1. With 10 angstrom as the radius, rank L187, L176 by how many other C-beta atoms surround their C-beta, starting from the fewest.
2. With only Lys, Arg, Asp and Glu charged, each at its Cβ (+1 for the first two, -1 for the last two), find how big the charge dipole of the chain is about the Cα centre; round to the nearest 20 debye.
3. What is the helix-to-structure angle for 78-87, meaning the angle in degrees between its Cα long axis and the longest Cα principal axis of the chain, kept from 0 to 90 and rounded to the nearest 10?
4. Show the residues, 5+ positions off or on another chain, whose built amide H is closer than 5 Å to the amide H of L8.
5. Expressed as an acute angle from 0 to 90° and rounded to the nearest 10, what is the orientation of the C-alpha long axis of helix 38-48 relative to the principal long axis of the chain?
6. If each DSSP helix of 4+ residues adds -39,500 (n - 2.57) and the sum is divided by the residues in the chain, what number results at 222 nm, nearest 500 deg cm²/dmol?
7. Using DSSP to define loop residues, name the GluC sites (Glu not before Pro) in the range 1-66 whose beta-carbon has at most 10 other beta-carbon atoms within 10 Å.
8. Counting Lys and Arg as +1 and Asp and Glu as -1, what is the net charge of the other residues whose Cβ lies under 14 Å from the Cβ of T233?
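Values quoted throughout were computed directly from the atomic coordinates according to the rules given, and no laboratory measurement underlies them. Please read all numbers here as calculations on a predicted model, not as lab measurements. All Cβ positions, glycine included, derive from the backbone under ideal geometry; neighbour counts span all protein chains shown.
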Amino acid sequence: MAKIRTALIGCGAISGTHLPALQKLENVEVISVCDAKEDRAKARAEQFGIPEYTTDWKTYLTRNDIDVVHICTPHYLHAPMAIALLDAGKRVLTEKPIASEVKDAEDMIAHAHGRLGVIFQNRYNQASQIIKEAIADGRYGKLLSLRAAVNWHRDANYYTSSGWRGKFATEGGGVLINQAIHTLDLLLYFAGKPVSVRGSVSTDVLYDTIEVEDTAHGLIHFENGLMANFYCTTVYGTDRPVEIELIFEKATLKTDAETLREIKDGTETLLCRSNATGPKAYWGTGHEVLFRDFYKQVEENKPFWIDGESAIPVLKVLKAVYKASETHGEIIL
């Protein structure tokens, strides 16, 4: 069977997660990488044995030997790149967020025609799947409440060395859109359709370096009556594993990154343990599993389930937090 021919735009940090995961897929061949900085594109190509590199992503628009393009660029570039590639007939898989602004995401959806995928790999984690099944089958009774906490550390150099982070025009926000978005997405994945948001944002430490928030908290109301509290910051002293807690009628489930514990009748039971290792263990895994699923849909010419419609609700929620922080009121979604 012919391999699916893939290109990647954006040879920064996250490409170092994409490329090794792609190399494990038997049905995929990465034939080109692109970056505005030629030295980065060349380095990635040499590192992973990719036959070609370029600094001009627009050359991909007219190439018949490219089926899928991964977008790993700064947030503000997701929409214009994706729309052009989709209009050229390519399949597109973009990193989170789908876009930096809701209007841009809506434009991407309008051009997608079943060919857009968005990376929310934490939905594939074993802990996430167990939680999702428990909610669906009612084994613990009714779900009553949810909370999440993201306590990570990002120093000034993280922002100043990038050229785009820390600015609303290019990042679209701070901790909410860049670090906490995966966790907020899981809250929506578990709880359902969000209908309103309250919350606030602040820049508690890096106020002389960035214009976006480094700390945020909020409350999400859902159509089914559930509420979810969240807190996130990038000014903690270290990178703690993401915490999510779900209170059911008959038990409580708690995650610590991808490790999941059940507390029931005073007894704590380990349901699954995280397999993540190394310096990013607090962040989790899942790209390879998501890629395998995505490319299976490409082979079968089917839409990917984490598409624009699936990815835009969390963007609307986090953008509503900014508005709620300004107005000190509830924002209806």
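1. L187, L176
2. With Lys and Arg at +1 and Asp and Glu at -1, about 420 debye.
3. For 78-87 against the chain, the angle is about 50 degrees.
4. S32, V33, C34, H70
5. Helix 38-48 sits at roughly 80 degrees to that axis.
6. -9500 deg cm²/dmol
7. E26
8. My count for the surroundings of T233 gives -4.
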